[in-house]
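**Student:** Structure in structure tokens, see below.
The values are calculated or read from the model by the stated rules, or taken from the named source; none is laboratory data. For clarity, every value in this text was computed on a predicted model and none was experimentally measured. Ideal geometry is used to build each Cβ from the backbone, glycine not excepted, and the neighbour counts take in all protein chains shown.
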Amino acid sequence: MGAPGPAAWLRRKPVTAMAAETGADATPGHEGGELQRSIGLGQLAAIGIGATVGTGIFFVLSEATPEAGPAVVVSFVLAAITAGLTALCYAELASAVPVSGSSYSYAYATLGEAAAMGVAACLILEYLVSSAAVSVGWSEYLNALLESTVGIRFPEALSGAPGAGGVFNLPAVVLVLLCTVLLVRGVRESATANAIMVVIKLAVLLLFVGLAFTAFSVDNFADFAPLGVGGVGAAAGTVFFSFIGLDAVSTAGEEVYDPRRTLPRALVLALVVVTAVYLLVAVSALGAQPWPEFEGQEAGLAAIMTEVTGSAWPAIVIAAGAVISIFSVTLVTMYAQTRILFSMSRDGMLPPVLSRVSPRTLTPVPTTLIVGTGVAVLAGLVPLDVLADLVSIGTLVAFTVVSIGVIVLRRTAPDLPRGFRVPGYPVTPILSIVACLYLVSGLSWITWIVFVAWVAVVLLFWAFYGARHSRLARTAGEVS
């Protein structure tokens, strides 16, 4: 057997076929496809907020602030603008192609099978690695909470990965296992638990903002951009890691009531809440603490609270809030990963076991267990700084493809029903593409090498497996 020909690279899955096999036009209460529709607007917006708030604010400030100084606030604005432009593109595609595969499915419908697999590589990198990354951050805050309440902490050897001062990150692995169990039990239970945790985390962050502003000093912003424009761009690429949760909304397309209306509304609502919270926390934190002190600071927000108040209880509350918050981030990013792999398996790109759904819980149990194992290995053995940049590059490339997809679908299927249309078309998707490319250009060459190698591996897998097992190819009679 030779390599797949041009026809295989470019074959596209009709949007009408996606809608038909998933029940995208089902009325509330209808169980479309193989997954159960059980998520409403509030829970779906909470999935986006839950996957996003916490990922960056609770620990990425310590990674990004040394790159840009106080101008990291501008980095957050740049990342938010990029996320906002892309969220509008996601909203249109999600309303037109309301399925579980997120930008993988959008690419399959607009750019072809090979491009879809390239995007799938980005999404796997985005969610698998981000789940591990936030689990590592959870370990830091759990130690801070235990130390401030009962005076104990996990040994250093069991609190960090090799290369980060440890041997194995046990708390991070425990978190992944807890999330795996909850996801296996059912999507309704997971969405409800996440919504509760979102309310708690927002309350805790607002408490932080209120207390931090009592120690606000304008002098901390005097040397605003000590590392120049390049530092601002580099930090923007790093903190974009904080906005990946917006993509998670679109992975729930097959489990949402009235997806054509609910998906775009939830995306926009999540974006507004996330951006407001991030800017409030970033400005208040930088005002309360000189920027050089952020470098290498573990459980940063809790440490700032201890310094500001001179009391233990605010730091305990922040640490507890972070433990709850990052739990919800890990839960949602793992959920998103399982739904993407589920969609790929249903299309024939991955072995059929990954689209097998439990008749009791109506969840893809084998996929969830495999994802949980992969995330646990990464969380236990890979340092945080390596993980964060890999997430950013995967996310930005996937976001670029979504923006391109809006333009392509407008041309190839202009009459397709859309519950939302990007305002300012075609300027908005073009600006989104430019912004994503700007941010990704600031990432290190090592990150690029790892990323390109990973995408190449996934495309090779497609060439030898996916292209020959694709349901679309079998339907067209291209394979025996």
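**Student:** Of the numbered conditions (1) surrounded by 22 or more Cβ atoms within 10 Å (Cβ to Cβ); (2) not in a helix (DSSP H, G or I), VAL357 fails exactly one; give the number of that condition.
**Tutor:** (1)
**Student:** Exactly one condition in (1) touching a helix residue (DSSP H, G or I) at 6+ places or on another chain (Cβ under 8 Å); (2) closer than 21 Å to THR361 by Cβ; (3) among the aliphatic types (A, V, I, L, M) is false for ALA203; which is it?
**Tutor:** (2)
**Student:** Quick check on my filter: what residues within the stretch 112-156 are over 25 Å from the mean Cα position of the chain (by Cα) and at positive phi?
**Tutor:** Hit for the stretch 112-156 is GLY151, nothing else.
**Student:** May I pose another question? Identify all residues within the stretch 405-428 that are surrounded by 24 or more Cβ atoms within 10 Å (Cβ to Cβ) and either under 30 Å from VAL136 (Cα atoms) or of a type outside the set (Val, Ile, Thr) (or both); write none if there are none.
**Tutor:** GLY405
**Student:** Consider only pairs whose beta carbons are under 7 Å apart and that are at least six residues apart or on different chains; among these, list those whose first residue lies in the stretch 440-462 and is under 26 Å from ALA8 (Cα atoms) and whose second residue is of a type in the set (Val, Ile, Thr) and in a helix (DSSP H, G or I).
**Tutor:** Listed pairs, sorted by first residue: PHE451/ILE393.
**Student:** What's the number of the condition GLN337 fails, among (1) within 15 Å of ARG185 (Cα to Cα); (2) buried (at least 24 other Cβ atoms within 10 Å of the Cβ)?
**Tutor:** (1)
**Student:** Collect the residues in the stretch 132-163 that are at pLDDT below 75 and either aromatic (Phe, Trp, Tyr) or surrounded by fewer than 17 Cβ atoms within 10 Å (Cβ to Cβ) (or both), keeping them in residue-number order.
**Tutor:** PRO162, GLY163
**Student:** Same structure again: Could you list, in sequence order, the residues of the stretch 406-422 that are at pLDDT 90 or above, under 24 Å from the mean Cα position of the chain (by Cα) and not hydrophobic (A, V, I, L, M, F, W, C)?
**Tutor:** Passing the criteria: only ARG421.
**Student:** For the stretch 342-365, what are the residues that are hydrophobic (A, V, I, L, M, F, W, C) and free of Cβ contacts under 8 Å to residues at least 40 places away in the same chain?
**Tutor:** If the condition is that a residue be hydrophobic (A, V, I, L, M, F, W, C) and free of Cβ contacts under 8 Å to residues at least 40 places away in the same chain, then VAL353, LEU354 are the ones that fit.
**Student:** Hey, another quick one. Which number in (1) touching a Lys or Arg at 6+ places or on another chain (Cβ under 9 Å); (2) at pLDDT below 75 marks the one condition that ALA96 misses?
**Tutor:** (2)
**Student:** Ok, one more. Looking at (1) surrounded by fewer than 18 Cβ atoms within 10 Å (Cβ to Cβ); (2) closer than 30 Å to GLY166 by Cα; (3) modelled with pLDDT of 80 or more, which one does VAL375 not meet, given that it meets all the others?
**Tutor:** Every condition holds for VAL375 apart from (1).
**Student:** Read through the list (1) within 22 Å of SER250 (Cβ to Cβ); (2) surrounded by fewer than 24 Cβ atoms within 10 Å (Cβ to Cβ), then give the number of the only condition that VAL402 fails.
**Tutor:** Every listed condition holds for VAL402 apart from (2).
**Student:** Moving on to the next point. Mind checking whether some residue in the stretch 196-206 is among the small types (Gly, Ala, Ser), under 30 Å from GLY442 (Cα atoms) and in a helix (DSSP H, G or I)?
**Tutor:** Looking through the stretch 196-206, none of the residues is among the small types (Gly, Ala, Ser), under 30 Å from GLY442 (Cα atoms) and in a helix (DSSP H, G or I).
**Student:** Being at pLDDT 85 or above, polar (S, T, N, Q), under 28 Å from ALA319 (Cβ atoms) and under 19 Å from the mean Cα position of the chain (by Cα): is that true of THR238 here?
**Tutor:** Against the criterion (at pLDDT 85 or above, polar (S, T, N, Q), under 28 Å from ALA319 (Cβ atoms) and under 19 Å from the mean Cα position of the chain (by Cα)), THR238 does not qualify.
**Student:** Return the only residue of VAL229, VAL272 being surrounded by fewer than 24 Cβ atoms within 10 Å (Cβ to Cβ), more than 30 Å from ALA320 (Cα to Cα) and free of Cβ contacts under 8 Å to residues at least 24 places away in the same chain.
**Tutor:** The unique qualifying residue is VAL229.
**Student:** Determine which member of the set ILE81, ILE49, ILE39 is modelled with pLDDT of 80 or more and either touching a strand residue (DSSP E or B) at 6+ places or on another chain (Cβ under 9 Å) or surrounded by fewer than 24 Cβ atoms within 10 Å (Cβ to Cβ) (or both).
**Tutor:** ILE81
**Student:** Need the failing condition index for LEU350 against (1) within 23 Å of ASP247 (Cβ to Cβ); (2) at pLDDT 85 or above; (3) assigned to a helix (DSSP H, G or I), just the number.
**Tutor:** Looking at each condition in turn, LEU350 falls short on (3).
**Student:** Hey, any hits in the stretch 179-187 for a residue that's assigned to a loop (DSSP other than H, G, I, E, B), out of contact with any helix residue (DSSP H, G or I) (no Cβ under 8 Å at 6 or more places or on another chain), in contact (Cβ under 8 Å) with a residue 12 or more places away in the chain and farther than 30 Å from PHE451 by Cβ? Spell out how you get there, then give the answer.
**Tutor:** Step one: of the stretch 179-187, the residues assigned to a loop (DSSP other than H, G, I, E, B) are 186.
Next cut, out of contact with any helix residue (DSSP H, G or I) (no Cβ under 8 Å at 6 or more places or on another chain) only: 186.
Narrowing the set further to residues that are in contact (Cβ under 8 Å) with a residue 12 or more places away in the chain leaves 186.
Remaining after also requiring farther than 30 Å from PHE451 by Cβ: 186.
Within the stretch 179-187 (the criterion being assigned to a loop (DSSP other than H, G, I, E, B), out of contact with any helix residue (DSSP H, G or I) (no Cβ under 8 Å at 6 or more places or on another chain), in contact (Cβ under 8 Å) with a residue 12 or more places away in the chain and farther than 30 Å from PHE451 by Cβ), the answer is yes, since at least one residue qualifies.
**Student:** For ALA288, are the conditions met, namely being of a type in the set (A, V, I, L, M, F, W, C), surrounded by fewer than 24 Cβ atoms within 10 Å (Cβ to Cβ) and over 16 Å from the mean Cα position of the chain (by Cα)?
**Tutor:** yes
**Student:** Continuing with the same structure: Would you confirm whether any residue within the stretch 207-215 is assigned to a helix (DSSP H, G or I) and within 22 Å of the chain's Cα centre (by Cα)?
**Tutor:** Within the stretch 207-215, none of the residues are assigned to a helix (DSSP H, G or I) and within 22 Å of the chain's Cα centre (by Cα).
**Student:** Further, regarding this structure: Across the stretch 435-480, which residue is farthest from ALA109 (Cα to Cα) among those that are assigned to a helix (DSSP H, G or I), among the β-branched types (Val, Ile, Thr) and in contact with a Ser or Thr (Cβ under 9 Å, 6 or more places away or on another chain)?
**Tutor:** So, considering only residues that are assigned to a helix (DSSP H, G or I), among the β-branched types (Val, Ile, Thr) and in contact with a Ser or Thr (Cβ under 9 Å, 6 or more places away or on another chain), the one farthest from ALA109 (Cα to Cα) is THR447.
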